[in-house]
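Rule-based calculations on the coordinates, nothing more; no lab input. Here the structure is a predicted model, which is why all the values come from computation and not from measurement. Heads up, the Cβs are rebuilt from the backbone with ideal geometry, glycines too, and the neighbour counts pull from every protein chain shown.
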Amino acid sequence: MTAEAFDARKKEILAFAVDKSPKGSIDEPVRPLLDVVNKCKDLVTTSSCSGRVAIYVDADPSTLEKVKKGGIWLSVSHDPLPIEDSTRLWSSLFPTHPHPTSIEFCHAAPSLSDPIIYFKFEPFILHVLTRSPEAAAELLTVALQAGYANSGVQRSIVQIRGTLKLDVPIGTYRRGQVELCVGREYVEFLCRLANDKFIENFAKMGRFQEMVMKELVDGPVVTKEFVETREHRMERKKREGLLKASKMKEEREKLKREQRVEDEIDSTEVLGDNAVII
């Protein structure tokens, strides 16, 4: 992407303020961080999620071969759950079953022939379009230092994502009816666990925002010719050394195989036509 094309794309994205996430709008908890990232002249955010807890129904097993993406979201919240109010909690988790008495609880293992219900917590995620590979590398470095170990770069997009996650099967969904194979207490335990992850998730977002401000805004990302540092050179030499050692090992093994064949041929000639090589 040329510099002019990036500038035009950034202007377009910021003018419409449309988020490419499924929700289609920006979550309020992540807005301050996006504002900081977008201050960097070589970066622009394209999609994001501040973190969410959800009740998700997997695709019907009988239709898995017919659809690429199945399943439905029974509920999604980008805010901590109201664990202090049991009635509000259950109605927020299962809006179509606002009263716990309308939810069936069973102690038997769920049937794999029915769609599985999952209790999910998904962490903060951010996609950022970058002007250049150097800008992408700078942002990725900051993200990794902030603890977002699942981050990476694909083409000119940096994906920033953490490891905080819950993905727990809790029941089945049959003909619109929620059937849980776990008790109320266990579901409420998962809710408390998710709220703890929300706290950790928001704290990490705050640290990342501070690091972006310090490393990339106060010291802006500058697209420049790559200069090999001492650390880069050491890493390159290490890779080259390992590659050279691997090639030398392959060459030695090849020579051994060739020598073995020659020895077998020599043995055959010495022993005559009736020789048997073992």
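For segment 93-180, with the dipole built from +1 on Lys and Arg beta-carbon atoms and -1 on Asp and Glu ones, taken about the Cα centre, which of I160, P110, H97 lies farthest toward the positive end?
Comparing the listed Cα positions along the dipole, I160 ranks first.
Express in nm, to one decimal, how much length is gained between T96 and Y186 on full extension, taking 0.36 nm for each residue of separation and deducting their alpha carbon distance.
Residue separation times 0.36 nm, minus the Cα-Cα distance, leaves 30.4 nm.
Using a simple spin-label model with points 7 Å from Cα along the Cα→Cβ vector, what separation in nm is obtained for K165 and M213?
3.1
Quick check of the Kirkwood formula: for segment 102-203, what is the inverse mean of 1/r over all pairs of different Cα atoms, in Å?
16.2
Working out 0.36 nm times the residue gap between A149 and R174, then minus their Cα-Cα distance, what length gain in nm do you get to one decimal?
5.2 nm
Return the Cα extents of segment 3-217 along principal axes one, two and three, sorted largest first, each rounded to a whole Å.
In descending order, the Cα extents are 58, 41, 29 Å.
Take the Cβ-Cβ distance between D35 and D196 as r, set R0 to 35 Å, and report the resulting FRET efficiency rounded to the nearest 0.05.
E between D35 and D196, to the nearest 0.05, is 0.80.
Using each residue's phi in segment 8-16, evaluate 6.51 cos²θ - 1.76 cosθ + 1.60 at θ = phi - 60° and report the 3J(HN,Hα) Karplus result to the nearest Hz, with x for Gly and Pro.
Coupling constants for segment 8-16: 5, 5, 4, 4, 5, 4, 6, 5, 8 Hz.
For a footprinting-style exposure proxy, rank M211, M205 by other Cβ within 10 Å, fewest first.
Final ranking by Cβ density, sparse to dense: M211, M205.
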